[in-house]
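**Q** What follows is a single structure, and I will ask about it in a moment.
The values are calculated or read from the model by the stated rules, or taken from the named source; none is laboratory data. All values reported here derive from a predicted model rather than from experimental measurement. A quick note on method: Cβ atoms are made from the backbone with ideal geometry, for glycine too, and the neighbour counts reach across all protein chains shown.
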Amino acid sequence: MIEEQVRDRLNWAGNYEYRARTIEHPTSLADLRRAVAGATRISALGSRHSFNDIADSPETLVSLDVLDPGVEVDERALTVTVGAGVRYGVLAEHLQRRGFALHNLASLPHISVGGAIATATHGSGNANGNLATAVVGLELVTASGDVLTVGKGDADFDGMVVGLGALGVVHRVTLRIEPTFEVRQDVFTEVPWDAVLADYDAATSSAYSVSLFTDWAGDTIGQVWLKSRMDSGSDVPAQFYGGVPADRAYHPVPGVAADHCTQQLGVPGPWSDRLAHFRLAFTPSNGQELQTEYLVGSEHAVEAIQRMRELAPRITPLLQVSEVRSMAADELWLSTNYQRPGIGLHFTWKPLQDEVEALLPEIEAALAPLQARPHWGKLFAAEAAHLAPLYPRFDDFRALALRMDPEGKFRNPFLDRTIFGTTP
Ligand SMILES: Cc1cc2nc3c(=O)[nH]c(=O)nc-3n(C[C@H](O)[C@H](O)[C@H](O)COP(=O)(O)OP(=O)(O)OC[C@H]3O[C@@H](n4cnc5c(N)ncnc54)[C@H](O)[C@@H]3O)c2cc1C
């Protein structure tokens, strides 16, 4: 076991300082079990890409960054089993070398599998569930230090995948995979909002994954990114609702060089080099941005976008760029897409925390009639009393957490505030 005082106390964005006193880096499952069994308060730390206090603990953090249980591909079952600390980009390269693929990736491949599934991290695509929907098995170290192995179909499995770190430390994850496929990425600029909003479902079904990048001001969407599967049998759209086909590579933030973005301009390539927006080889500098995201059901997609456009005078001055993506429904209790297909209204903010936090209640009030669910790993203002009615299985999750962790070993101020509705 490698144990250290938490010296580097910051998350990736540098906007949150962890309060835990120590961080442990187990090098084996036995080490991890001892760490959890011996702790009074402990939380799993992923790759620190969340923007709030979700991964913190009053006492100890445990990181799986040096615990490598290896990668096991089951070619017959079409699954891969990996350590929860592995980053998606590393896993993607491994799978691609073996001729396999994941169904989707988030915008950044540097995020850990354990951390991403715990918060229902997603990519885009009307038919694509979030990354947690690929999970078919979990091996968790529970509060007692015992190992619990659960699979899809087992009791409470659907409650355990998007676990917010509240149920245990996930040691290994088994994910559904498929044969590798190629993707091309095409960007259109200056796409008229009216044309897209008049035909929203069809517009966002134009490719395997569609992202709208906007600053909400004006009549056009800044950029639309279409990621098309080459094996889909559908033609790649040459036109997109009156937008201008890009003749050079774009970064989502206007004016930023596209060097760190995945290949565009319609050049086909492996899924592992196209589904994320940013390349793994590029190590992002820490921070210079904050993020927020709200997910609404697809029946409210157009209304939600219109409400954000109306708020543009308040939003745009604080914004680097927004991204609108779509996700399929799933059955994971605390998934932001639980039993509802929908869209995510994402905001990449300038690093102005006080101003952003002052604005969030206004955005949340505008989206409240549309039952918007905030992304668990990003900045939001809502607390348990507001969140509970948005999730039909919220009480079941609370009961599951209390049953699996009766002494509150994995509790932290984030969980107290957003799930249990108590102030520690
Ligand atoms: C630049 C950037 C781009 C992003 N892009 C996207 C995107 O495209 N789509 C999207 O949906 N989100 C996106 N996010 C948000 C990000 O995916 C989530 O915040 C995610 O949870 C971060 O994972 P992490 O490994 O950093 O986990 P952390 O932030 O370290 O932890 C998050 C949660 O996971 C839990 N956890 C971590 N490891 C384990 C484990 N082994 N067992 C149990 N619980 C665990 C923690 O306890 C905590 O509750 C982005 C964030 C950044 C900084």
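Residue-wise test of (1) touching a strand residue (DSSP E or B) at 6+ places or on another chain (Cβ under 7 Å); (2) aliphatic (A, V, I, L, M); (3) under 17 Å from Ile343 (Cα atoms).
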site	(1), (2), (3)
Arg184	yes, no, no
Pro192	yes, no, no
Leu197	no, yes, yes
Asp201	no, no, yes
Phe213	yes, no, yes
Thr220	yes, no, no
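**Q** Restricting to the stretch 150-173, give me the number of residues that are in a strand (DSSP E or B), over 14 Å from Gly115 (Cα atoms) and within 14 Å of the ligand (Cβ to nearest atom).
**A** Within the stretch 150-173, residues that are in a strand (DSSP E or B), over 14 Å from Gly115 (Cα atoms) and within 14 Å of the ligand (Cβ to nearest atom) number 1.
**Q** Give the residues of the stretch 104-149 that are in contact with a Lys or Arg (Cβ under 8 Å, 6 or more places away or on another chain), within 30 Å of Gly38 (Cβ to Cβ) and in a loop (DSSP other than H, G, I, E, B), sorted by residue number.
**A** Ile111, Ala143, Gly145, Asp146
**Q** Is there a residue in the stretch 222-236 that is in contact with a helix residue (DSSP H, G or I) (Cβ under 7 Å, 6 or more places away or on another chain) and either at pLDDT below 95 or under 27 Å from Gly129 (Cβ atoms) (or both)?
**A** The answer is no, given that none of the residues of the stretch 222-236 is in contact with a helix residue (DSSP H, G or I) (Cβ under 7 Å, 6 or more places away or on another chain) and either at pLDDT below 95 or under 27 Å from Gly129 (Cβ atoms) (or both).
**Q** So which residues in the stretch 174-184 are outside any loop (DSSP other than H, G, I, E, B) and touching a Pro at 6+ places or on another chain (Cβ under 9 Å)?
**A** Here is the first cut: in the stretch 174-184, the residues outside any loop (DSSP other than H, G, I, E, B) are 174-176, 178-179, 182-184.
Within the stretch 174-184, Glu182, Val183, Arg184 qualify.
**Q** Filter the stretch 21-64 down to residues that are over 24 Å from Asp416 (Cβ atoms) and either out of contact with any Ser or Thr (no Cβ under 8 Å at 6 or more places or on another chain) or surrounded by fewer than 17 Cβ atoms within 10 Å (Cβ to Cβ) (or both), then give me how many there are.
**A** Summing the residues that are over 24 Å from Asp416 (Cβ atoms) and either out of contact with any Ser or Thr (no Cβ under 8 Å at 6 or more places or on another chain) or surrounded by fewer than 17 Cβ atoms within 10 Å (Cβ to Cβ) (or both) in the stretch 21-64 gives 9.
**Q** Which residues, counting only those in the stretch 93-103, are part of a helix (DSSP H, G or I) and surrounded by 21 or more Cβ atoms within 10 Å (Cβ to Cβ)?
**A** Leu95, the sole residue that qualifies.
**Q** Among the residues that make up the stretch 347-355, is at least one of them away from the ligand (no atom under 14 Å from the Cβ), without any contact (Cβ under 8 Å) to a residue 40 or more places away in the chain and of a type outside the set (Phe, Trp, Tyr)?
**A** Within the stretch 347-355, one or more residues are away from the ligand (no atom under 14 Å from the Cβ), without any contact (Cβ under 8 Å) to a residue 40 or more places away in the chain and of a type outside the set (Phe, Trp, Tyr).
**Q** Let me ask something additional. Considering the stretch 152-206 alone, what residues qualify as being in contact (Cβ under 8 Å) with a residue 40 or more places away in the chain and among the aromatic types (Phe, Trp, Tyr)?
**A** Phe181, Phe188, Trp193, Tyr200
**Q** I want to confirm something. Restricting to the stretch 269-288 and keeping residues that are modelled with pLDDT of 95 or more and out of contact with any helix residue (DSSP H, G or I) (no Cβ under 9 Å at 6 or more places or on another chain), which single residue is farthest from the ligand (Cβ to nearest atom)?
**A** Gly269
**Q** May I ask you to list the residues in the stretch 191-205 that are of a type in the set (Ser, Thr, Tyr) and crowded, with 18+ Cβ neighbours inside 10 Å?
**A** Listed by number, the list holds a single entry, Thr204.
**Q** Okay, next question. For the structure I just gave you, tell me whether His300 is more than 19 Å from the chain's Cα centre (by Cα), surrounded by 15 or more Cβ atoms within 10 Å (Cβ to Cβ) and within 16 Å of the ligand (Cβ to nearest atom).
**A** no
**Q** May I ask you to list pairs of residues, at least six apart or on different chains, whose Cβ atoms are under 7 Å apart, with the first in the stretch 72-101 being touching a residue at least 24 places away in the same chain (Cβ under 8 Å) and under 23 Å from Arg48 (Cα atoms) and the second being surrounded by fewer than 14 Cβ atoms within 10 Å (Cβ to Cβ) and of a type in the set (Asp, Glu)?
**A** As it stands, the answer is Thr81/Glu72; Gly83/Asp68, since those pairs meet every condition given.
**Q** Listed residues Leu360, Leu390, Leu334, Leu370; which is out of contact with any Ser or Thr (no Cβ under 6 Å at 6 or more places or on another chain), closer than 24 Å to Phe157 by Cβ and away from the ligand (no atom under 12 Å from the Cβ)?
**A** Leu390
**Q** Looking for whichever is assigned to a helix (DSSP H, G or I), more than 21 Å from the chain's Cα centre (by Cα) and either within 28 Å of Arg48 (Cβ to Cβ) or aliphatic (A, V, I, L, M) (or both) here; the options are Pro369, Pro361, Pro313, Pro389. Which one fits?
**A** Pro361
**Q** Mind listing just one residue for me: the one in the stretch 178-202 that is out of contact with any Lys or Arg (no Cβ under 9 Å at 6 or more places or on another chain) and more than 30 Å from Asp215 (Cα to Cα) and, of those, nearest to the ligand (Cβ to nearest atom)?
**A** Among them, the one singled out is Glu178.
**Q** Please enumerate the residues belonging to the stretch 397-416 that are crowded, with 16+ Cβ neighbours inside 10 Å and assigned to a loop (DSSP other than H, G, I, E, B).
**A** Correct list: Asp405, Gly408, Lys409, Phe410, Arg411, Asn412.
**Q** Can you tell me which residue in the stretch 250-272 is nearest to Ala101 (Cα to Cα), limited to those that are free of Cβ contacts under 8 Å to residues at least 60 places away in the same chain and surrounded by 14 or more Cβ atoms within 10 Å (Cβ to Cβ)?
**A** Once the filter is applied, the top-ranked residue is Cys261.
**Q** If you scan the stretch 114-151, which residues turn out to be in contact (Cβ under 8 Å) with a residue 24 or more places away in the chain and of a type in the set (Ser, Thr, Tyr)?
**A** Thr119, Thr121, Ser124, Thr133, Thr142, Ser144
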